[in-house]
Amino acid sequence: MPDPRGLGTSTLQVCLILSLRYVIPAVCQCSGSSLTLSTTNDFQYFTTPGYNNGAGSYQSDLSCSWILDGGSSSWTVFLFVENYDVSCSGDFIDIYDGNATSSTALVTALCGTSQSGVYASTQRYVRVDFTSDSSNQGAGFSLAFMKAADLSGSGCSGEETLAASSTPQYITSPNFPGEYTVNSNCRWVVTAPIGTVSLEIIFSDVETSTNCAFDSLELYSGTYVCEKTKILSACTPHPNGVTASYTSNGTSFLVKFAADASLSFRGFVIKYSEIAPVVTTSSSAVVSSISSEGDFYLGLYIGLGSGAGGALLFVGMITLIRHFCMSQKGVSPNVKHVEPLSLRSTPSTRNNSICGSSSSSGDSTTRQKSFLCSTPISPGSGSLMLDIQRRKSSHHNNGFVH
Ligand SMILES: *[C@@H]1O[C@H](CO)[C@@H](O)[C@H](O)[C@H]1NC(C)=O
Ligand SMILES: *[C@@H]1O[C@H](CO)[C@@H](O)[C@H](O)[C@H]1NC(C)=O
């Protein structure tokens, strides 16, 4: 539910009728006073009055105003207008970088039917005004908003390991909500200390290219960049950017983001948390968390019995994938994707189809591709195996939990 703290008691009681989850119907903010909405790290939405999921219509002669508050100077506001239908003969949306009409406009006189671009403030407030005249009403609009900051941490200067917990945390592209930094080469390993990782891409806006060769947001099962464990390679811009949810089979996901030297978009927001292992005292239950082999564990949970007791049967199977990712000697001929970390940050790779390409002949780039899995950030090539061994042993303290 939207946090009502910023609304004021009278506003809350008189104006705000919370109906559907995350949807705040607009009422009194269209009759004189602006409505301040506090933001969260998740998208919330508001609509013009009468929007009715696009099937309704706003009234004539409206003058509506919403102020979106990032809550402190640490946060800016990120937003986009969802599907909208605003008659261009006298009705329009204005969005300001600030809480007053004297603030710099992010967009003025937005009207028509389409999906708009994305907008970001440079400080904690955004003001959205909607004006309608006496004729030709459209359906109105729904607007998505969240508070925003660059939550890329240290993942773009070296691989960053993040511990998931039951409280959701967030990763963004570097410089979010601004356009992502060119030549980015970022990795985050999200690990669940005892359970599994729930990971959700809640926004993405990445330059498109064949095989995501220019810019890409990638997700891997486990802690290595390895073609065998790749789950996603995304490169489509808003409003068609990928949004999706994943639950890890093992204890970790690796998130990789790479951008070339030109054409930046807004990037992404990922939400992650830990799903704790189910523990029950029922005598018949067998419960386990993921084993120490979790990084490349592929297995199967089968939940049995939705009724009382809720017994959970753990059926596990360790595959040999980890083997393939641990050793160059284990290179299998059908594993095509081999990607040294350093390659993506150079402009000259722009025309290389690195993602999914089986590569061509004999230059140094191809030679480097003989590594099945790329190294974490920046060890010299000679330290690859050492590093993997170190990382492997560092995970051996994850025991079974009963
Ligand atoms: C508008 O922004 C100013 C700072 O720019 C702040 O002092 C003021 O409280 C804000 N007012 C509202 C209604 O958000
Ligand atoms: C989990 O394992 C199944 C079966 O191998 C696979 O299809 C699925 O993509 C895996 N999911 C993740 C998130 O790794």
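The values are calculated or read from the model by the stated rules, or taken from the named source; none is laboratory data. These numbers come from a predicted model, not from an experiment. FYI the Cβ positions are ideal-geometry reconstructions off the backbone, even for glycines, and counts take in every protein chain you see.
General remarks:
- Tabulated pairs, segment 230-241, first over 18 Å from Leu143 (Cα atoms), second within 14 Å of ligand 2 (Cβ to nearest atom), C-beta under 6 angstrom, 6+ apart or interchain: Lys230/Tyr220; Ile231/Leu219; Ile231/Ser221; Leu232/Leu219; Ser233/Glu218
- Leading residue by the ranking (surrounded by the fewest Cβ atoms within 10 Å (Cβ to Cβ)) among those in segment 193-221 that are more than 15 Å from the chain's Cα centre (by Cα) and not in a loop (DSSP other than H, G, I, E, B): Thr210
- Within the set Ile270, Ile302, Ile290, the sole residue that is crowded, with 23+ Cβ neighbours inside 10 Å, aliphatic (A, V, I, L, M) and at pLDDT below 95 turns out to be Ile290.
- Top-ranked residue of segment 232-247 - restricted to ones that are surrounded by 16 or more Cβ atoms within 10 Å (Cβ to Cβ) and outside any strand (DSSP E or B), ranked as nearest to ligand 1 (Cβ to nearest atom): His238
- Among the conditions (1) in a strand (DSSP E or B); (2) within 30 Å of Gly56 (Cβ to Cβ); (3) not hydroxyl-bearing (Ser, Thr, Tyr), Val189 misses just one, which is (2).
- Some residue of segment 223-231 being in contact with a Phe, Trp or Tyr (Cβ under 6 Å, 6 or more places away or on another chain), of a type in the set (Val, Ile, Thr) and in a strand (DSSP E or B): no
- Pick from segment 78-104, criterion part of a strand (DSSP E or B) and farther than 24 Å from Ser38 by Cα, ranking: nearest to ligand 2 (Cβ to nearest atom): Asp85
- Residues (outside any strand (DSSP E or B) and either touching a strand residue (DSSP E or B) at 6+ places or on another chain (Cβ under 9 Å) or within 16 Å of ligand 2 (Cβ to nearest atom) (or both)) located in segment 105-134: Cys111, Gln115, Ser116, Gly117, Ser121, Thr122, Gln123, Arg124, Ser132
- Residues in segment 248-283 that are among the small types (Gly, Ala, Ser), more than 16 Å from ligand 2 (Cβ to nearest atom) and assigned to a loop (DSSP other than H, G, I, E, B): 7 in all.
- Selection within segment 176-192 - under 15 Å from the mean Cα position of the chain (by Cα) and crowded, with 18+ Cβ neighbours inside 10 Å: Phe176, Pro177, Glu179, Tyr180, Cys186, Arg187, Trp188, Val189, Val190
- Scope segment 123-162; condition among the hydroxyl-bearing types (Ser, Thr, Tyr) and surrounded by 15 or more Cβ atoms within 10 Å (Cβ to Cβ); matching residues: Tyr125, Thr131, Ser132, Ser142, Ser152, Thr161
- Across segment 98-117, the number of residues qualifying as surrounded by 19 or more Cβ atoms within 10 Å (Cβ to Cβ) and at pLDDT 95 or above comes to 2.
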